[in-house]
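First up is the structure itself, then whatever we jot down about it.
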Amino acid sequence: MFAPVYLDHNATTPADPAVVEAMLPWLATRFGNASSRHEYGRAARRAVDEARSQVAAAVGAHSTEVVFTSGGSEANNLLIKGAAACLKPGLLAVSAIEHPCVIRPGQQLVRRGWVVQELAVDSLGRVDPGRFEAVMAQKPKIVSVMLANNETGVLQDIERLAERARSAGACFHTDAVQAIGKVAVDFRRLNAAGVQALTLSAHKLGGPKGAAALVLDKRVDVEPLIAGGGHERGLRSGTENVAAIVGFGLACELAVGRRADLARRLLGLRRQLECGLLACGATIFGQQAAERLPNTVYFAFPELDGETLVGKLDRAGYAVASGAACSSANPEPSHVLRAMGVSPELARGAVRVSLGGDNTQEQIDGFLCTLQATVARLQHLTAMSV
């Protein structure tokens with residue numbers, strides 16, 4: 001099988017071999033239902049409990065605050081819709097750069113009488129303090145601002161925002177799916193500032209797909225999306241995916257242990273990549289932000305289509321992502337870049353590189369050489385068509 005160099009770790013990460021090995025018994029001989037009262041079930045329950053403790057330890061939470069779900073999208077929906085169901089309709093405030101699994105649940109709540117306001121960001125993708133203050137003055141009931149953006153890698157000052165939201169009486173949630181394993185995430189510290197819920201996902205940090213968690217302050221009332229046998233403190237019914245949960249727990253433990261060294265190495269690769277991109281004439285989005293993920297670079301070349309560039313690079317041996325959220329009928333530029341004030345023309349050219357632990361300096365050199373040649377060919381074709 002043709003295997004391009006993988007440069008799309010914000011989309012998903014390869015499962016760590018140790019994680020796969022830890023999961024295998026729970027897919028074979030240790031197949032018990034964690035709710036069963038015989039030894040097979042008790043063994044599965046012990047495994048789930050251990051994984052819950054590992055996930056909690058990775059973010060400084062208590063194990064009783066960890067609610068397992070099937071993915072980050074479900075966890076975000078559980079908080080947004082579940083908290084809203086326990087409140088009288090009011091104002092929901094979400095940042096303009098949130099993942100669709102936060103924005104779209106908010107849009108659904110409008111049909112139930114809620115009002116949704118977007119929190120504007122500046123040209124670097126940071127929540128605008130003036131706009132945030134104006135929305136907080138309206139006393140929102142729920143506020144959701146992601147810790148790290150999946151496209152630009154820009155980090156928000158979550159503690160400051162949460163403190164202000166708490167003074168306004170809001171329940172504050174942050175999507176930390178992209179942050180854990182790349183930057184320090186401390187739920188206890190965030191909770192002290194006013195963060196009451198935080199989302200994590202296994203497959204973003206070397207774990208399997210199909211496991212995630214909502215880390216939830218137990219003082220927050222949330223109505224479950226899925227009713228049934230009362231699993232996960234009654235907040236998420238359904239037989240636990242023991243193998244995936246076991247993998248999630250170990251992935252968290254490994255990622256946090258490696259984080260500092262990995263972040264230093266990724267930062268070096270990111271600087272190498274960005275120097276090469278600027279030399280090629282690229283625009284790098286959010287580059288001047290004080291705080292960014294160490295692995296993420298989001299860029300575009302004027303008058304070049306991002307989807308076309310991604311396809312050419314894939315065929316040349318490099319797997320990267322386009323910034324466009326495309327449908328076959330109506331390709332649209334990234335809503336994140338639109339919120340940052342980037343022109344639609346430049347936004348349509350957006351390409352994201354997100355680095356991982358297996359990437360090397362040699363791969364970055366090869367990517368830059370291939371990119372430069374590919375961009376030159378596309379620019380030549382564009383010039384000929386004018």
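Throughout, read-outs are computed from the coordinates displayed, never taken from laboratory work. In this text, all values refer to a predicted model and were calculated from it rather than measured experimentally. Here the Cβ positions follow ideal geometry from the backbone for every residue, glycine too, while neighbour counts run over all protein chains shown.
Just add up the charged neighbours of residue 332: K/R +1, D/E -1, any other residue whose Cβ is under 15 Å from the Cβ of residue 332.
Spelling it out: positives minus negatives among the neighbours equals -1.
Sorting check: for 191-197, 340-346, which peptide has the highest mean count of neighbouring beta carbons within 10 Å, and how do the rest follow?
In decreasing order of mean packing, 191-197, 340-346 become 191-197, 340-346.
Among 236, 315, rank each residue by its count of other Cβ atoms within 10 Å, from fewest to most, as a rough exposure measure.
315, 236
How long are the semi-axes of the equivalent ellipsoid of the range 17-253, defined as square roots of 5 times the Cα gyration tensor eigenvalues? Whole Å, largest first.
32, 19, 14
For the ranges 282-290, 209-217, what's the packing order if you count other beta-carbon atoms within 10 Å of each residue, average per peptide, and put the highest first?
Put in order of decreasing packing, that is 209-217, 282-290.
Using Cα-Cα distances under 8 Å and only pairs 6 or more residues apart, what relative contact order does the chain have, in percent?
Once divided by the residue count of the chain, the mean separation gives 22 percent.
When the chain is modelled as a GNM with alpha-carbon springs shorter than 10 Å, which of 87, 190, 250 fluctuates the most?
Comparing 87, 190, 250 in the GNM, the peak value goes to 87.
Taking a threshold of 18 Å on the Cα-Cα distance, which of the pairs 141/204; 81/141; 81/182; 182/312 fall above it?
Beyond 18 Å between Cα atoms: 141/204; 81/182; 182/312.
Enumerate the amide H contacts of residue 240 below 5 Å, restricted to partners 5 or more residues apart or on another chain; note that Pro and chain-start residues carry no placed amide H.
Placed amide hydrogens put 34 under 5 Å from residue 240.
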